[in-house]
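Here, each number is a calculation from the coordinates, and none is a lab measurement. Worth saying up front: this structure is predicted, and the values here are computed from it rather than measured. Positions of Cβ are generated from backbone atoms using ideal geometry, with glycine treated the same way; all protein chains shown enter the neighbour counts.
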């Protein structure tokens, strides 16, 4: 009897303890509030939607703070080291590596590490999120530019399809550019980044430099780097820009540029990322356009930039377990499809079935399943990268419109000086090696 | 007397905490290499200052800021003073015009800068539309590197004109009427009354206007940031200013020590100019007595 009571009692005790534990866990999860910071306002709706599902499933509350990317980076830089940052945040790898080096982002726990290495992501993505043999964070956005082209304008100009090389692109752009009676450009043949400030100018310069065979920095195989564009490729890339503005006159700093110009029908070609599709869908859904690979340089290969945006857990978070759990929840296949559908950005997971999305918007193809043979050149993961690009970007707009650049000797001198500055920045950061 | 000092203590302490300590910290930081995030902060002595002397961006920013500041202060003062004299006359429309001129002062800088970006737009801007009405060609206000800085000067003058005007107006209205009446009885012309009586009595206000305008002009940032943002904007180098350069080094490249060295130099420049302006005014008043 005693034994029987004892067993029953023990079972009741165990059940009670289990319920109490679950209840306790539930209560604990319900008490937890995870704060998420994003530098992409277009991702807020997605965070909210997935966050609501997570709250429903686990009880954990989610708060989201969104600011512009620059402000976001500044807030993170000030808040994370002082322990006042969010639990989870998204940011590019350049800032991510700075946090990793400072010990503010910890190596992934086993579950996150296994998820990253489990075949859901491309090899290049896994490599980019591995530092000194350990994985940190998860890839969230897989960002590659491609070439948008306006089908209506191409038809009007008697052009069959998108150009395959940069040389063909210039020839097509000449036919596509329009001027008014006074000679003022009213539609550019191609929209290049010609003005403003910031690293984006140099990033767009690389869209041509890399296919032409150059690169901003070259690794020396011993963990150091040196500039890689004081050469024919660098000069060719700059000459291409100068010709586009000054000789062939297919673009002009004065006309409308970038996605706004393409959406409004003020340019015929634009090299940009997938988010432009979302802009077109929202602002000019009747626009007839296609998306093709970034042209090759002559007979060279098609090359395109590969940038990752990561999803990171703050190493100083007081809710580390919940934060890692939510990080995984944001990285499911379902959440990845939703991310692309809701924001226009392409999710980093490569094992997603994109067919429903492609059936709806076929222009996504070049972004989610790039043409066979397109080579990716990744963004170097180093803290000094932003300075290297921005310093080059400071110089480029003046060069594009400077008539002196029509002189090959002056153009070569410009490239030489810019490349010397790149080496100087590498030296200052103890990263230079010939 | 002791009560006064004690009563002032909280505000002095607050001023010390939010002003003096950060300035001191910036000065200290200028001797270190620090990226804001890393716990490592090696001492580098005068290296940051020495590097600044060879930094072409810093030299360009210094040149642009000086040009911007002197142009803005000169124009905003030279236009505000006659405007204040004109509006000090009794007129039913005077308060209306004072309000109109003062409106830009109380409007936040970000929306103002965005609005001016539209005004300056080459294709759709109202300024070029106005030029086209009188048969003049369109001007690339923002994208032409030789014009972009002057576009900022125009906007800067527009923004501070009302503030300077109100200060001058207060000064003019505080000039005892009997001085001007006596001069009129003695046969002085309007110009003579202004030049011999009003202007000398307005010198303390003029000094205040010049000092505060100079400090504000050297700290120009928001409009530069907005006007260079995006693809349809001014080339960064054409309008590179000191505070913008500090911001870039500090918050984009995370070179806090280097940015602090720049901030120290900016502080010294503004401090030096203020001392010069005060000493010039003191010399003048000494001559006057």
Next item on the list: Set the Förster distance to 51 Å, then compute FRET efficiency between residue A:372 and residue B:110 from the Cβ-Cβ distance, nearest 0.05.
Entry: 0.60
Check: Taking only Cα atoms, what is the 0 to 90° angle, nearest 10, from helix B:148-173's long axis to the longest principal axis of chain B?
Finding: 40
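What ranking do B:231-240, A:127-136 get when scored by the average of other Cβ atoms within 10 Å per residue, highest first?
B:231-240, A:127-136
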Next item on the list: Could you list A:306, B:268, B:201 in order of exposure, starting from the residue whose Cβ has the fewest other Cβ atoms within 10 Å?
Entry: B:268, B:201, A:306
Next item on the list: Would you kindly calculate the mean projected area, averaged across all directions, of the convex hull enclosing the Cα atoms of the range B:204-289, in square nanometres?
Entry: 6.8
Next item on the list: Just grab the label-to-label distance for residue A:65 and residue B:2, each label 7 Å out from Cα along the Cβ direction, in nm (one decimal).
Entry: 4.6
Checklist line | For the protein assembly as shown, projected area of the alpha-carbon convex hull averaged over all directions, nm² | finding: 47.5
Note to self: I need the peptides A:245-256, B:34-45, B:176-187 ranked by packing, meaning the mean over residues of other C-beta atoms within 10 angstrom, with the highest value on top.
What the structure shows: A:245-256, B:34-45, B:176-187
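For every helix of n ≥ 4 consecutive DSSP H residues, a contribution of -39,500 (n - 2.57) applies; sum these over chain A, divide by its total residues, and give [θ] at 222 nm rounded to the nearest 500 deg cm²/dmol.
-14000 deg cm²/dmol
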Checklist line | Efficiency of FRET between residue A:410 and residue B:25 - r from beta-carbon atoms, R0 45 angstrom, step 0.05 | finding: 0.50
Checklist line | Expected 222 nm ellipticity per residue - DSSP helices of 4 or more, -39500 (n - 2.57), all of chain B, to 500 | finding: -21500 deg cm²/dmol
Margin query: As I understand it, the value is the acute angle between the Cα axis of helix A:408-428 and the longest principal axis of the Cα atoms of chain A; what does it come to in degrees, rounded to 10?
Written below: 20
Note to self: How would B:93, B:142, B:2 line up from fewest to most surrounding beta-carbon atoms within 10 angstrom?
What the structure shows: B:2, B:93, B:142
Item checked: Choice from A:196, A:234, A:223 showing the highest fluctuation, given a GNM over chain A with Cα pairs closer than 10 Å -> A:223
Next item on the list: Within 10 Å of each Cβ in peptide A:394-405, how many partner chain Cβ atoms are there on average? Round it to a whole number, please.
Entry: 3
Checklist line | Taking all pairs of distinct alpha-carbon atoms in chain B, Kirkwood radius in angstrom | finding: 22.1
Checklist line | Number of partner chain Cβ atoms within 10 Å, mean per residue of B:136-142 | finding: 2
Check: Order of A:168, A:282 from fewest to most other C-beta atoms within 10 Å?
Finding: A:282, A:168
Margin query: Applying a 10 Å radius around every beta-carbon, put A:70-81, A:284-295 in order of their mean neighbour count, most first.
Written below: A:70-81, A:284-295
Next item on the list: Compute the long axis of helix A:200-209 from its Cα atoms, compare it with the longest principal axis of the Cα atoms of chain A, and write down the angle in degrees, 0 to 90, nearest 10.
Entry: 60
Next item on the list: Would you calculate the separation in nanometres between label points at residue B:94 and residue B:279, each defined as 7 Å from the Cα along the Cα-to-beta-carbon direction?
Entry: 4.0
Check: Considering every residue in A:183-195, what mean count of other chain Cβ atoms within 10 Å of its Cβ is obtained?
Finding: 2
Next item on the list: Note down the nm distance, to one decimal, between modelled labels 7 Å out along Cα→Cβ at residue A:124 and at residue B:267.
Entry: 4.7
Next item on the list: Work out the FRET efficiency for residue A:175 and residue A:424 from their Cβ-Cβ distance, taking R0 = 41 Å, and round it to the nearest 0.05.
Entry: 0.45
Check: Can you tell which of A:49, A:237, A:347 shows the greatest fluctuation in a Gaussian network model of chain A with Cα springs below 10 Å?
Finding: A:49
